[in-house]
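A short reminder: the numbers here are calculations on the coordinates, not readings from a lab. Source: prediction; values computed, not measured. All Cβ positions, glycine included, derive from the backbone under ideal geometry; neighbour counts span all protein chains shown.
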Amino acid sequence: MESLGAATTQFGFDLFKELSKRNSGNVFFSPASISTAIGMLLLGARGATAAQLQKVLFSEKDTENSRTKAEEKEVGDLPYHVTKIEKTEEIHHQFQMLLSELSKLNNYYELKIANRLFGEKTYLFLQKYLDYVEKYYNASLEPVDFINAADESRKKINSWVESQTHEKIKDLFPDATLSSSTKLVLVNVVSFKGQWDRAFKKEHTKEEAFWLDKGTSKPVMMMAQRRSCSFALLEDLQAKLLGIPYKNGDLSMFLLLPDDVDGLEEMINKISPEELVEWTSPGQLEDRPVDLRLPRFEVEDSYDLEAALAALGLGGAFSERGADYSGMSPHSGLHAQKFLHRSFVAVTEEGTEAAAATGAGFGVTSVPGHETFHCDHPFLFFIRHNGSDSIIFFGRFFSP
C-alpha cells in the first residue's frame, strides 16, 4: 500500500489546483487534516460512496488489492463491509499514528488539528462506527438538534471551533448556513505557529515591494537572513526550491519560487505530486549558503470544500440521494451536508533565544558564493512533517 504521506501529497496538490481555480488570491489549507476527515467518512461509507472516498487514500492498485483480498477472506455470514473495514485498517492506523505524533506537546511550535462530526440527534449512529472514529481519529460525533434548533446548533459548533483554536477562528458557520434539513456536519480546524531553527533578526526586516505581476506591487515587510538551507535549482521549471527547518526539525517549510514574476501559474501546471515527493526526499536537496528574503505574513482562510471535492470525483459522497453512509447509521438519507475547513498560519521573525543568537552576524546583502532566494513575487509554500513525509499545510502566497 502506498504511504499516507504520498497519498496526502497527491490529494493535496490536486485539491490545491481546484481551490486555485476558485480563489484568485492567497490559498492555504491542510491536506493532512482534510484527509483525516475523509478517513472518518470512509469508516462509515459503503458501496460506491466508499469507492469514491478510497481513491483519496489509496492508489487504484491498492484499492483493487484491498477489495480482492477482502472478498477472498470473507467467510460464513460475515458482512462484506466488516471485512472491508478490516482491510482498510492499516490506513486508519497510519492516521492514528500521524495524529498522535502531531498532537505531542513541545516548546517549539503550536500545531492544532481538530476534527468533529455533528449529527442530528434523532438519527441512530452505530456504536461500532463511533468506536472506530474515536480510536483512529480522536474525534467524536456530537448529537445536536438541527430539526428544532438549527441556529442554536450552529452556535454550539462555532463555540467548539473557537475553543479548539484559542479563539483565533470565530463564526465558522455564519447565520443561516445550517437548517432543519441538516443531518451531518463535519468540521476540521487547523492552526499553526512555528519557531524557526534560526530566527530572522528583526532589525533586518525592511519594507520592500512585493510584485503581484510585472506592473503591480504592494509594500510588504520583508525579512532577511543569510544562512545555510536545503536548496535546489529546478531548471526545467525555471524555479528554485528551498527548505527551512523549524526548531527541533520535526517540521520544515518548503518554498517554491518561480524565476519570473509572472511564472507561478506556468510552474504549477508543470509540477506533479510525484515530483514534490521526490524533490523533498532525504538526499535530494543540497545544503547551500543562501541570501534569503521572505515576507512576514499571516494567512487565515476557510473553505466549503463540497464543490472542490466534487470536482475531484467525490460528488457522490455529498449526494442527498446517492450517498451511502449505512456504516454510520441504519437510517436512510444520511449525507454530509457541509464540509468546512479553516486554517491559519503566521510567518514571522520569531524563534528561540538560542536560535536568534545563532543568526547573529548575517547581513542582508548578497556576496559571491551565496544563492539568492528573494520571495518578492508570488510563490508556493508547504509545511511538511518530516517523520511521516506528510504535507500538513499547502499554500500559495499571492498578495500581502
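Observations, loosely collected:
- For segment 164-209: rounded, prolate or oblate by the Cα gyration tensor [a/c cutoff 1.5]: prolate
- Relative contact order (percent, whole number), the chain, Cα cutoff 8 Å, 6+ residue spacing: 26
- Evaluating 6.51 cos²θ - 1.76 cosθ + 1.60 at θ = phi - 60° for every residue in segment 214-219, the Karplus couplings come out as 5, x, 10, 9, 10, x Hz, glycine and proline recorded as x.
- Full-stretch length increase - Glu90, Asp145 - with 0.36 nm per residue and alpha-carbon distance subtracted: 16.3 nm
- The distance separating the Cα centre of segment 1-51 from that of segment 259-279 comes to 19 Å.
- Dipole magnitude (debye, nearest 20) for the chain, charges at Cβ of Lys, Arg, Asp, Glu: 680
- Both the radius of gyration and Dmax for segment 232-343 are 20.2, 61 Å, in that order, over alpha-carbon atoms.
- Karplus 3J(HN,Hα) series, Hz, for segment 93-110 with 6.51 cos²θ - 1.76 cosθ + 1.60 (x for Gly, Pro): 5, 5, 4, 4, 5, 5, 5, 5, 5, 6, 7, 5, 6, 7, 9, 10, 8, 9
- Close amide H partners of Leu212, meaning residues 5 or more places away or on another chain with modelled amide H under 5 Å apart, are Ser217, Lys218.
- Rg over Rh, two decimals, segment 188-294 (C-alpha only, Kirkwood Rh): 0.97
- Gyration tensor verdict on segment 119-223 (Cα atoms; rounded if a/c is under 1.5, prolate if a/b is larger than b/c, oblate otherwise): prolate
- Burial ranking of peptide ranges 180-193, 90-103, 221-234 (average Cβ count within 10 Å, highest at the top): 180-193, 221-234, 90-103
- Overall, the anisotropy analysis places segment 122-161 in the oblate class: the square-rooted eigenvalues a ≥ b ≥ c of its C-alpha gyration tensor yield a/c not less than 1.5, with a/b not exceeding b/c.
- Under 17 Å from the Asp236 label point (7 Å along Cα→beta-carbon), backbone N, segment 271-307: 271-281, 284-285
- Taking 7 Å steps out from each Cα toward its Cβ at Ser179 and Glu265 produces label points 3.6 nm apart.
- Long-range HN-HN contacts of Phe339 with modeled amide H, under 5 Å: Leu305, Glu306
- With contacts taken as Cα pairs under 8 Å and at least 6 residues apart, segment 107-196 reaches a relative contact order of 46 percent.
- Its Cα gyration tensor gives the chain an equivalent ellipsoid, and the semi-axes of that ellipsoid, as √(5λ) in whole Å with the largest first, are 40, 23, 19.
- Cβ-derived FRET efficiency at R0 25 Å, Glu275 paired with Asn248, nearest 0.05: 0.35
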